[in-house]
Amino acid sequence: MKGSRSDIKSRRRGSSSGAARLLYPLLGACLWAAVVAYKPVVIVHGLFDSSGDFKNLLTFINESHPGTNVTVIDLFDRSASLQPMWKQVEGFKEAIYPIMQNAAEGVHFICYSQGGLICRGILSTLSNHNVHTFISLSSPQAGQYGDTDYLKYLFPQFMKSNLFHLCYTGIGQRISICNYWNDPHHRDLYLNSSDYLALLNSERPNPNSTEWKKNFLKITKLVLIGGPDDGVITPWQSSQFGFYDDNETVVEIQNQDLYLRDVFGLKTLAARGDLILCSVPGVEHIYWHSNETVFHLCMEKWLE
């Protein structure tokens with residue numbers, strides 16, 4: 001027996017509404033994904049690291065910000081990370097720039113240990129970068145001065161008190177760690193010899209200082225992460241631009257000359273409310289990028 005015309009219309013309406021019930025959530029999910037699309041994240045590793053060391057951090061990012069395009073730059077791995085800092089800056093810059101060009105809304109940087117100083121070099125010298133958040137993860141931003149296992153491994157015949165004999169020479173400046181070795185007892189040698197950190201900090205004459213400051217201040221946020229149990233970055237406050245005076249007493253960031261004179265923009269960032277310090281105790285240096293608590297406390301909210 002054939003159904004009436006009204007029955008057929010009713011079934012069609014039911015079929016249409018059923019399809020709609022299936023399609024609307026799907027459409028909503030697509031729209032949600034489009035609205036909350038996260039900026040790509042670029043990760044730069046540190047001394048003796050490689051791109052494969054950051055699997056946990058990639059997992060944290062993808063769990064909290066699904067669909068984020070994360071790139072760990074695979075350059076200057078392991079022993080190659082000892083190459084001069086400016087050489088590494090140029091290499092990383094060349095690898096990262098296409099990522100920036102393909103990100104209309106900009107990118108975020110997470111830069112670990114020595115990588116944090118490399119990223120500062122990129123941000124200072126690249127006039128058309130589009131980095132929003134720069135997360136400096138346990139990086140010796142104010143320099144390094146300590147008898148650590150790294151130092152004993154690299155320079156077994158030296159201690160922190162006499163490493164200046166090597167670092168502050170032409171040969172020494174071909175080694176990355178010497179590019180940011182900051183001996184508070186030999187300040188003049190540091191200022192005259194440091195080809196990298198002293199230039200970045202405009203502590204020695206730099207004709208590009210105004211332009212570099214302008215470039216650096218294009219970032220939206222600067223997040224400085226470190227902690228008292230790091231064991232490698234010395235003093236640990238260097239991760240937040242604190243450093244020793246000539247008595248090896250730590251002078252915190254807000255009392256540092258480079259902050260007070262706003263040499264490259266730290267004071268400006270603070271005035272904008274865009275300088276964030278995140279200190280976490282109980283974390284050893286090699287675990288910063290695999291510690292979930294550090295990620296949730298110090299990084300997650302800045303990766304939107």
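The values are calculated or read from the model by the stated rules, or taken from the named source; none is laboratory data. These numbers come from a predicted model, not from an experiment. Note: ideal-geometry Cβ built from the backbone for every residue, glycine included; neighbour counts use all protein chains shown. The accessibility values were calculated without ligands, DNA or RNA, using every heavy atom of the protein model including side chains. Shrake-Rupley method; radii C 1.70, N 1.55, O 1.52, S 1.80 Å.
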For the range 126-258, just list the percent of Cα-Cα distances falling in each 10 Å bin from zero outward, please. 12, 40, 36, 11, 0
Near residue 133, within a Cβ-to-Cβ distance under 15 Å, what is the net charge of the other residues, with Lys and Arg +1 and Asp and Glu -1? +2
Averaging sequence separations of C-alpha pairs under 8 Å and six or more residues apart, then dividing by the length of the range 166-294, give the relative contact order as a whole percent. 23 percent
Local electrostatic count, residue 230, Cβ distance below 13 Å [Lys/Arg +1, Asp/Glu -1]: -3
Treating only Lys and Arg (+1) and Asp and Glu (-1) as charged, each at its beta carbon, one finds that the chain has a dipole about its Cα centre, in Debye to the nearest 20, of 2220 debye
Provide, for the chain, the number of lysine pairs with alpha carbons under 17 Å apart, each pair being eight or more places apart or on different chains. 11
Helical contribution to [θ] at 222 nm, DSSP H n ≥ 4, -39,500 (n - 2.57), averaged over the chain, rounded to 500: -11000 deg cm²/dmol
Computed log₁₀ I(q)/I(0) - Debye formula, equal Cα scatterers, no solvent, the range 164-225, q 0.21 Å⁻¹: -0.84
Taking amide H positions as placed in the peptide plane 1.01 Å from N, state which residues far from residue 70 in sequence (5 or more) or on other chains have amide H under 5 Å from it. 41
So for each of 123-133, 146-156 I average, over its residues, the number of other beta carbons within 10 Å; can you give me the resulting order with the highest mean first? 123-133, 146-156
Label-point separation (nm) for residue 99 and residue 208, each offset 7 Å from Cα along Cα-to-Cβ? 2.1 nm
With a cut-off of at most 14 other beta carbons within 10 Å, and DSSP calling the residue loop, which GluC sites (Glu not before Pro) in the range 264-303 qualify? Please list them. 284
The distance between the Cα centres of the range 44-77 and the range 237-304, in whole Å, is 21 Å
Please grab the % of Cα pairs in the range 54-142 that end up more than 16 Å from each other. 56 percent
So for the chain: antiparallel DSSP bridges make up what percent, rounded to the nearest 5? 10 percent
So for the range 155-198, considering every pair of alpha-carbon atoms, how many percent are separated by more than 11 Å? 58 percent
A 1.4 Å probe over the protein heavy atoms gives the chain a carbon and sulfur accessible-area percentage of 54 percent
Listed residues 66, 173, 91: farthest to the positive end of the dipole of the chain (Cβ charges): 66
Using the Kyte-Doolittle scale, which helices in the chain average at least -0.5 and also have C-alpha atoms spread 20 Å or more along the helix axis, with helices defined as whole DSSP H runs? 5-35, 85-101
Under a plain spin-label model, where a point goes 7 Å from the Cα along Cα-to-Cβ, how far apart in nm are residue 271 and residue 248? 3.7 nm
Mind pulling up the Rg/Rh value for the range 189-304? Radius of gyration and Kirkwood radius, both on Cα. 0.98
For Rg and Dmax of the Cα atoms in Å, the choices are (1) 19.5, 59; (2) 18.6, 54; (3) 24.4, 103; which was calculated from the structure? (3)
